[in-house]
Amino acid sequence: MPARKAEVCYAPFWLEKDQVWAVDFTVDGLRIRRRLGIRENGKKGEKVAIEVAKQLYFDTLEAALLSAEEDTPDSDPFFFQAAALYVQGGGSNRYLTRIMKHLGPTVRLSDLTPFRIEQIGQELQPGCLPDTVRRHVITPIKAVLNFAAGKRRRASEDNSRKRWLTPEEAERLIYFAANPHLAKLRDPDLHTLKKIAFMLGTGAGPGETVALPASGWNPATQEWWCPGEKTIYRERWVWLPQRSIDLIGEVPKEGRAFRAPDGAEYVLHDHRGGQMAEAFNKVRDAAGLGPDVVPYTLRHTWATWFYAQTGDWGRLLDLGGWHKGDTARRYKKVAPADLGNRLLAHGWDFRQKAAAPVRFGELVSV
């Protein structure tokens with residue numbers, strides 16, 4: 001007789017006479033009764049035996065499902081199939097193993113009507129409180145049904161970029177963009193520098209930067225109209241600090257504002273932001289920055305800089321082109337308290353300038 005056995009059907013047990021761990025379970029009418037070859041008793045041996053038994057159980061289950069799959073219409077799979085995929089996708093099998101054993105290999109998803117699910121609950125948890133029946137039977141079955149219907153949210157990680165540039169790192173990037181020969185980049189008219197300056201000063205993404213019309217520039221207000229056409233960004237005005245204006249220099253009269261290193265306009269496509277990556281990467285590498293710094297890092301940098309210096313949340317959303325504050329929070333990183341002053345030391349001033357005082361009755365030109 002087994003010395004001990006857990007609740008799951010595939011749980012191994014210790015054979016005292018033979019001094020070995022063994023299993024005894026049934027899948028699809030097939031009884032699996034065998035020794036596992038693990039002769040170390042105690043918790044350490046049991047832990048290894050559980051893993052081996054579990055793998056044996058699911059291998060046997062998978063074989064049973066594959067043998068039944070030929071007779072299974074795609075529109076109405078077996079509960080076994082859906083439950084196995086649910087577990088593989090990260091779902092819990094804490095209560096499912098018992099349910100799967102109870103239902104067997106022939107129950108289809110369409111058989112599990114609300115009434116039948118309630119019956120299964122009473123069959124598996126007779127005399128238990130309704131909350132226990134719900135937690136142990138009804139909820140796991142419905143989780144599998146929702147998974148099969150595509151209604152289950154998959155676990156995901158926050159893949160938002162964490163990298164942004166300090167003012168000192170940005171200055172190194174600017175230096176090598178202004179001296180492209182040091183980065184082994186042929187860019188005589190400093191087009192890469194101009195794009196970097198624009199993106200650092202406005203938070204524009206690489207895609208809309210390479211597509212930006214020169215006609216949108218308004219030097220009187222230091223604003224540039226970003227039409228948002230064929231990009232993920234909404235149309236808006238962006239505002240350029242004086243440092244960006246100085247680095248960009250003369251703006252073309254027509255066509256696109258920012259060009260490739262050879263002076264040609266970019267040929268736009270769906271993933272246009274990647275077109276500037278080759279030149280950017282050369283400058284980045286020369287500046288000693290890692291591969292985690294990409295053109296899009298400049299948008300995160302701007303958001304962090306702007307808010308650190310101004311504290312203007314509403315203006316951050318407007319200039320950044322974000323409809324929701326949650327999105328902007330993914331871009332604005334936690335910054336040290338002295339960031340605003342360090343930016344000023346390098347010539348970056350994002351603060352709105354107060355207008356000159358006006359006397360009562362004075363004619364003001366608009």
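What follows draws every value from the coordinates through simple rules; no lab data is involved. Computed from a prediction, not measured in an experiment: that's the story for all the values here. Reconstructed Cβ throughout: ideal geometry from the backbone, glycine too, with neighbour counts over all protein chains shown.
Numerical summary
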| item | result |
| --- | --- |
| Potential lengthening between residue 163 and residue 214 on full extension [0.36 nm per residue; Cα-Cα distance subtracted] | 15.4 nm |
| Förster radius 25 Å - calculated FRET efficiency between residue 94 and residue 34, Cβ distance, rounded to 0.05 | 0.50 |
| Efficiency of FRET from Cβ geometry, residue 16 and residue 123, R₀ 25 Å, rounded to 0.05 | 0.15 |
| Residues whose placed amide H lies under 5 Å from that of residue 349, excluding near-sequence neighbours | 242, 243 |
| Estimated inter-spin distance, residue 234 and residue 139, nm [label 7 Å along Cα→Cβ] | 3.8 nm |
| Region 161-235 shape via C-alpha gyration tensor axes, a/c threshold 1.5 | prolate |
| Gained length - residue 51 relative to residue 310, 0.36 nm times residue gap less alpha-carbon distance | 87.6 nm |
| ³J(HN,Hα), Karplus 6.51/-1.76/1.60, whole Hz, each residue of region 260-268, x for Gly, Pro | 6, x, 8, x, 7, 6, 5, 7, 7 |
| Rounded FRET efficiency, nearest 0.05, which uses the C-beta distance separating residue 327 from residue 349 and R0 of 30 Å | 0.70 |
| Net charge, residue 347 excluded, C-beta distance under 9 Å - Lys, Arg +1, Asp, Glu -1 | -1 |
| Debye log10 I(q)/I(0) for region 13-148, one point scatterer per Cα, at q = 0.10, 0.14, 0.20 Å⁻¹ | -0.40, -0.73, -1.16 |
| Virtual spin-label span in nm between residue 149 and residue 111, 7 Å along Cα→Cβ | 2.0 nm |
| Using θ = phi - 60° and Karplus 6.51 cos²θ - 1.76 cosθ + 1.60, couplings along region 104-117 (whole Hz; Gly, Pro as x) | x, x, 9, 7, 9, 4, 5, 6, 8, 6, x, 5, 5, 5 |
| Per-selection Kirkwood Rh - region 167-345 (Cα, Å, 1 d.p.) | 16.4 Å |
| Set of lysines near residue 101 by C-alpha distance (under 25 Å), chain-local residues within fewer than 8 positions excluded | 5, 47, 54, 142, 151 |
